[in-house]
Amino acid sequence: MSTETASNGAEGGVAAASATLTVTDNRTGRQYEIPITDGTIRGIDLRQIRVDDEDFGLMSYDPAFMNTASCRSAITFIDGDKGILEYRGYPIEQLAEQSSYLEVAYLLIHGELPTQQQLDTWTHEITIHTFVHENVKEFMQGFRYDAHPMGMLLASVGALSTFYPEASQIKDAELRYQQIIRLLAKMPTLAAFAYRHNRGMPYVYPDNDLSYAGNFLGMLFKIAELKYQPDPRIERALDVLFILHADHEQNCSTSAVRGVGSSQVDPYSALAAGVGALYGPLHGGANEQVLRMLHRIERKENIPGFIDGVKAGDERLMGFGHRVYKNYDPRAKIIKKAAQDVFDVMGTNPYLDIALELEKIALEDEYFIERKLYPNVDFYSGLIYEALGMPVEMFPVLFAIGRTSGWIAQWLEMIEDGEQKIARPRQIYTGARTREYVPMGSRS
Ligand code: ACO
């Protein structure tokens, strides 16, 4: 029995291994000692485990990345079992209570909370970049009258790269910073234009006297008034929603941003990939599905029958369950409160009662308890958006505005991480091998 030691791959400032894993390959009887760092072994350390010289080496198979860390990150901490979420070490509850979205965006991107002066400069820079080139407006007008606003957002964010070709110079910190400001500033403008297009209403230009959330509300809802005045309670509720959605570590859309960004493409193209991922019903589209589900249930009396269908596997209880949280999603608790604030202004949403009842029944039901299925952030966010007068198609768009700061922070961290390379997973090939080409006339 031979003993082989893997290189610990401790380059790039990674701390020395504090423990090891001993693996015996029963095919050969050889033993290997693999370093464990931060509760993780390096996938590449498995490669030395080979049957013979011809063997490529052992790989790990992990569809959907259920147990693979793809990066080291200092941005967002989640303890899914305990229901903890922190941005740069600050609990989400404190940030939602005390900070503004732009403050949180600064925190995520720069790593520290801003001083008053830093926040003022940051806010000013973002505010004066909210306008988009007139040609952006024109090509958005070219979308079909009923185009989904998320599809419009996806296309227009990507298209920004053509307006700022210097964005491709991602190694230049100053140019990078300019694109970061533009992305944060223009995302609400693009989102609002998409909404107005969908409604057949003229686009509203940004009003730089208003706050980030207030200006967005103005671009959505302004009609003939000379000056749009947002209700401060609605403005705050929207700001809190942006904070809650700002980052969630290596979720599907963030992984898409990192994956596409790893090719060193410009950040507009990388973020367009994030918007695309967020469009899906299992990710940012979930709140749209929650609302459709609540509308379909229609009355409290229909809930038991619906739950039976979920348990029989006919459908899912949308807004429940999470890959990471096996406890109440901390964001769902904060959102429940924000929902109440919005309903106080806008009047109650009849579907809130159905949602509350659904939650109560599900939390007491063995099926959901056993599988640790709790409400996630999307269970209540859709109700708030609906109370604000948003059509369901806008829900993932609102999510994308908040998540923009997280995508940027994660993209930046990746760019500056010396260990990262172009993302390129391996596969287990299961198809045919080296077949003789069959001419058309000979095919059956
Ligand atoms: N309703 C009913 N059953 C569910 C649900 C649900 N919402 N979610 C999971 N389950 C069941 C599964 O059927 C499975 O049961 P089984 O073991 O008997 O087969 C078990 O719970 C584990 O589920 P998985 O699908 O393996 O869990 P996974 O981590 O892959 O999925 C996901 C997580 C996609 C979020 C899932 O819970 C789901 O589809 N939820 C509804 C959609 C949703 O709300 N998405 C928003 C997520 S939050 C966000 O993106 C911001």
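The values are calculated or read from the model by the stated rules, or taken from the named source; none is laboratory data. Here the structure is a predicted model, which is why all the values come from computation and not from measurement. Quick reminder, even Gly has a Cβ in these numbers, built from the backbone with ideal geometry, and neighbours come from all protein chains shown.
Structure notes:
- When the helices (runs of 4 or more DSSP H) confined to segment 319-389 are screened for residues that are surrounded by fewer than 18 Cβ atoms within 10 Å (Cβ to Cβ) and within 16 Å of the ligand (Cβ to nearest atom), those reaching at least 3 such residues are found at 350-364, 366-370.
- Counting only residues that are farther than 22 Å from Ala185 by Cα and within 13 Å of the chain's Cα centre (by Cα), segment 379-407 holds 0 of them.
- In segment 390-403, the residue that is surrounded by the fewest Cβ atoms within 10 Å (Cβ to Cβ) out of those that are assigned to a helix (DSSP H, G or I) and more than 15 Å from the ligand (Cβ to nearest atom) is Glu393.
- For segment 198-217, residues that are farther than 12 Å from Phe242 by Cβ and not in a helix (DSSP H, G or I) total 11.
- Considering only residues in segment 220-247 that are in a helix (DSSP H, G or I) and touching an Asp or Glu at 6+ places or on another chain (Cβ under 8 Å), the one that is surrounded by the most Cβ atoms within 10 Å (Cβ to Cβ) turns out to be Ala237.
- Pairs with Cβ under 9 Å, 6+ apart, first in segment 188-205 and touching a residue at least 24 places away in the same chain (Cβ under 8 Å) and buried (at least 24 other Cβ atoms within 10 Å of the Cβ), second small (Gly, Ala, Ser) and outside any helix (DSSP H, G or I): Ala194/Ala147
- Candidates Asn198, Asn215, Asn208 - the one that is of a type in the set (S, T, N, Q) and at pLDDT below 95: Asn198
- Single residue of segment 254-277 satisfying the filter (within 16 Å of the ligand (Cβ to nearest atom) and of a type outside the set (Gly, Ala, Ser)) that is farthest from Glu166 (Cα to Cα): Thr254
- Every residue from segment 301-318 that is within 7 Å of the ligand (Cβ to nearest atom) and of a type in the set (A, V, I, L, M, F, W, C): Val310, Leu317, Met318
- Within segment 278-300, considering residues that are surrounded by fewer than 24 Cβ atoms within 10 Å (Cβ to Cβ) and under 15 Å from the mean Cα position of the chain (by Cα), the one farthest from the ligand (Cβ to nearest atom): Tyr279
- Residues of segment 304-318 satisfying the condition of being crowded, with 17+ Cβ neighbours inside 10 Å and more than 22 Å from the chain's Cα centre (by Cα): Phe306, Ile307, Val310
- Meets criteria (under 30 Å from Lys171 (Cβ atoms), more than 14 Å from the ligand (Cβ to nearest atom) and either among the aromatic types (Phe, Trp, Tyr) or at pLDDT 95 or above (or both)) for Arg424: yes
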